[in-house]
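Novice: Have a look at this one.
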Amino acid sequence: MNIFKLIEDIKQVDAEALDRLEFASRRSFMSSLGTKLMAAATPVALASVFNKAFAFTPGAIEVLKFALTLEYLEDEFYKAGNAKAGLIPDMYKPVFAQIGKHESQHVAFLESALGAAAPAKPNFDFTAKGTLPDSLNTFDGFVFLSHAFEDTGVRAYKGQAGNLMAAEDKPLLEYALQIHSVEARHAAVARKILGTIRNRPEIKPWITLNEGSPAAVYAGEDNTVQGGVDINGIAGKSKEAVTEAFDEILTKEAVFAIVTPFLA
Amino acid sequence: MLSDGRRVLNNLFTAMNKKNNFMTNSDLRGGQMLTRVNRRYFLRSAGVATTLGVFVLGACKDHDIVPGIDGATVDLGEGDVGILNYAYALEQLEAAFYTEAVAKPYAGMTDMEMRMLTDIRDHEIIHRDFFQAALTPTGMIIPGLALDFSSVDFSSRASVLGTAKVLEDTGVAAYNGAGKLITTPDYLVLAGKIVSVEARHAAAIRDLLMPNTTSFAGDDIVDAQVNGMMFGLDRATPPKQILPAVQPFFKTTLTANASVFQ
């Protein structure tokens, strides 16, 4: 665990936490009695939670690394977008600031969990080698990539849940689910904004059939087989509604195929 | 527990093969009526599915005014089946709420709001009927539950959307908190497939109430803490805390006495 790196991360994430950290640090320097207080009140305690996690299964560690790589991608994307003058109209700034805040928090969380095992942050190319030249140039391009990243993130986390079912990994499973549903909240609002600015009401907060672009992000979302059985037609509802009601997983391989063009 | 799980999946397959016969006419409290009908049906006979459609329609007339067991106590049961019953109970609540909200639109409901609430209604009905189909053949399905929406003013936008917000946020926290209790991998994935749709609903409803603010994933709800700090985590709330919170919406008393819930 690199505590200095962790503190840097926390600084970017949570000013209030930084205050607590500084308070606790002062206490610990001023008084030997402060040590226990600091452990209870600062990110060190988080690290200690995950130090037990050296009992996590190797498979779970791989899930964390995979998740962190995706969170790096999202975090860097929103940092760049939120920092670029004139890219995001004022009315939408609170939305993307909130999404960006969460992605930074997810990065800090996963880095803390992995400690020295955390993978290096890759360099990213948000034009995907020139195929999406407007990702950081126009609001449409930015929202388009935002919704694609968020929908990918939802499917990616969902695809890994089954790898976190060992008894010692159960705490990680719960944290992963807690991130997963936040990514889904992000996806819903990014999709709503995309539908609004493109005047395309058929782009809803939920995914209809396998409609959407890039196609690889939505491949298989038209699945109607749940629990091993085709439920198309259930309750007399349309196939559109049935596919909207269930989000689908993506395998790690499918996610890497989507993400790889964004690695510089 | 695993053998329970496999049995449920097998039973699901059997039940779903009959879907054309019993999965119709379920928008208006159909889940509850069908539950009763299906339980009787499966107890009586496993065959002659073609007659079930007629049977259901007849039963709907008979039981039109009986939405569920009033004042009774229902225990969710043990193991993965208990968790699925828990999800089924929450989906019954959501499906019935949106069915009512769409049937009696509040004053000034925009076309966009109507489309959105109708979509969500359909998703919740699909979830409810999916769980019903999965659970019915086990013989351990909970019955249709009597609901209480007396706290909701369906003529008021604020009341309807405010209730929707609470129900969706609660659903997200409930599924997140139930995940680690599930032992059958296929069920965990199924819960994952549903919870992200509930989170999409929650974000959409919140954005209707406070458009283009941080509310869709607000600091008031994405507020789970790890050692006193927030890390962009939604809530994960155990069933023992969810059940008392949602009990006011049920006339049926729900209990979760089995070890899986302890």
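Novice: Output the residue which, of all residues in the stretch B:116-151 that are away from chain A (no Cβ under 14 Å) and within 19 Å of residue B:187 (Cα to Cα), is surrounded by the fewest Cβ atoms within 10 Å (Cβ to Cβ).
Specialist: Here is the first cut: in the stretch B:116-151, the ones away from chain A (no Cβ under 14 Å) are B:139-151.
Within this subset, residues satisfying the condition of being within 19 Å of residue B:187 (Cα to Cα) are B:139-142.
On the way: B:139: 11, B:140: 18, B:141: 22, B:142: 25.
The residue in question is B:139.
Novice: Follow-up question, since we're still on this one. Within the stretch A:248-264, can you find the residues that are β-branched (Val, Ile, Thr) and closer than 24 Å to residue A:206 by Cα? Steps first, please.
Specialist: Initially, the stretch A:248-264 is screened for residues β-branched (Val, Ile, Thr), giving A:249, A:251, A:255, A:258-260.
Selection gives A:249, A:251, A:255, A:258, A:259.
Novice: Could you please find all residues in the stretch A:154-211 being facing chain B (nearest Cβ under 7 Å), of a type outside the set (A, V, I, L, M, F, W, C) and touching a residue at least 60 places away in the same chain (Cβ under 8 Å)?
Specialist: A:158, A:175, A:186
Novice: Which of the following residues is in the same structural domain as residue A:143 (by TED's automatic domain parsing) and surrounded by 20 or more Cβ atoms within 10 Å (Cβ to Cβ): A:237, A:192, A:252?
Specialist: Numbers: A:237 fails: in the same structural domain as residue A:143 (by TED's automatic domain parsing); A:252 fails: surrounded by 20 or more Cβ atoms within 10 Å (Cβ to Cβ).
Matching residue, one of A:237, A:192, A:252: A:192.
Novice: Is it true that some residue in the stretch A:131-153 is more than 24 Å from residue B:218 (Cβ to Cβ), of a type in the set (Gly, Ala, Ser), more than 14 Å from every other protein chain (Cβ to nearest Cβ) and not in a helix (DSSP H, G or I)?
Specialist: Start the filter on the stretch A:131-153 by keeping residues that are more than 24 Å from residue B:218 (Cβ to Cβ), which leaves A:131-138, A:140-141, A:144.
Keeping just the survivors that are of a type in the set (Gly, Ala, Ser) gives A:135, A:141.
Add one more test, that the residue is more than 14 Å from every other protein chain (Cβ to nearest Cβ), and what stays is A:135, A:141.
From the residues that got through so far, the ones that are not in a helix (DSSP H, G or I) too are A:135.
Yes; the residues of the stretch A:131-153 include at least one that is more than 24 Å from residue B:218 (Cβ to Cβ), of a type in the set (Gly, Ala, Ser), more than 14 Å from every other protein chain (Cβ to nearest Cβ) and not in a helix (DSSP H, G or I).
Novice: Just to verify a result, which residue in the stretch B:214-262, among those that are of a type in the set (Phe, Trp, Tyr) and touching a residue at least 12 places away in the same chain (Cβ under 8 Å), is nearest to residue B:75 (Cα to Cα)?
Specialist: In the first step, residues of the stretch B:214-262 are kept if they are of a type in the set (Phe, Trp, Tyr); the result is B:216, B:231, B:249-250, B:261.
So of that shortlist, the ones also touching a residue at least 12 places away in the same chain (Cβ under 8 Å) come out as B:216, B:249-250, B:261.
Values: B:216: 34, B:249: 16, B:250: 13, B:261: 11 Å.
The extreme case among them is B:261.
Novice: Only one of (1) surrounded by fewer than 18 Cβ atoms within 10 Å (Cβ to Cβ); (2) free of Cβ contacts under 8 Å to residues at least 24 places away in the same chain is not met by residue B:209, so which one is it?
Specialist: With respect to (1) surrounded by fewer than 18 Cβ atoms within 10 Å (Cβ to Cβ); (2) free of Cβ contacts under 8 Å to residues at least 24 places away in the same chain, residue B:209 is out only on (2).
Novice: Sticking with this one: Could you count how many residues in the stretch A:223-234 are farther than 18 Å from residue A:184 by Cβ and surrounded by 17 or more Cβ atoms within 10 Å (Cβ to Cβ)? Spell out the reasoning first.
Specialist: Looking only at the stretch A:223-234, we keep the residues that are farther than 18 Å from residue A:184 by Cβ, and these are A:224-225, A:227-234.
Those still in the list that are surrounded by 17 or more Cβ atoms within 10 Å (Cβ to Cβ) too: A:227, A:229, A:231, A:234.
Total satisfying the criteria: 4.
Novice: Any idea which of (1) assigned to a helix (DSSP H, G or I); (2) surrounded by fewer than 24 Cβ atoms within 10 Å (Cβ to Cβ); (3) not hydroxyl-bearing (Ser, Thr, Tyr) is the one residue B:108 doesn't satisfy?
Specialist: Failed condition: (1).
Novice: Give the number of residues within the stretch B:189-206 that are within 16 Å of the chain's Cα centre (by Cα) and without any contact (Cβ under 8 Å) to a residue 12 or more places away in the chain. Don't jump to the end; show me each part of the working.
Specialist: Going residue by residue through the stretch B:189-206, those that are within 16 Å of the chain's Cα centre (by Cα) are B:190-202.
From what's left, without any contact (Cβ under 8 Å) to a residue 12 or more places away in the chain: B:190, B:193, B:196, B:200.
Going through the stretch B:189-206 one residue at a time, the tally reaches 4.
Novice: Continuing with the same structure: Mind listing just one residue for me: the one in the stretch A:116-130 that is in a loop (DSSP other than H, G, I, E, B) and small (Gly, Ala, Ser) and, of those, nearest to residue A:186 (Cα to Cα)?
Specialist: Step one: list which residues in the stretch A:116-130 are in a loop (DSSP other than H, G, I, E, B), which gives A:118-123, A:125-130.
If we keep only those that are small (Gly, Ala, Ser) too, we end up with A:118, A:120, A:128, A:130.
Numbers: A:118: 25, A:120: 25, A:128: 22, A:130: 25 Å.
Top of the filtered list is A:128.
Novice: With (1) more than 8 Å from chain A (Cβ to nearest Cβ); (2) modelled with pLDDT of 95 or more; (3) surrounded by fewer than 21 Cβ atoms within 10 Å (Cβ to Cβ) as the list, and residue B:180 as the residue in question, which single condition is left unmet?
Specialist: The failed condition is (1).
Novice: Checking the conditions here, which among A:246, A:262 is buried (at least 20 other Cβ atoms within 10 Å of the Cβ) and closer than 16 Å to residue B:190 by Cβ? Steps first, answer last, please.
Specialist: Details: A:262 fails: closer than 16 Å to residue B:190 by Cβ.
Going through A:246, A:262 in turn, just one is buried (at least 20 other Cβ atoms within 10 Å of the Cβ) and closer than 16 Å to residue B:190 by Cβ: A:246.
Yes or no, residue by residue, for (1) surrounded by fewer than 19 Cβ atoms within 10 Å (Cβ to Cβ); (2) more than 8 Å from chain A (Cβ to nearest Cβ); (3) assigned to a loop (DSSP other than H, G, I, E, B):
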position	(1), (2), (3)
B:198	no, no, no
B:203	no, no, no
B:215	no, yes, no
B:219	yes, yes, yes
B:223	yes, yes, yes
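The values are calculated or read from the model by the stated rules, or taken from the named source; none is laboratory data. Keep in mind that what you see is a predicted model, and the values were worked out from it rather than measured. Cβ coordinates were reconstructed from backbone atoms using ideal geometry, including for glycine residues, and neighbour counts include every protein chain displayed.
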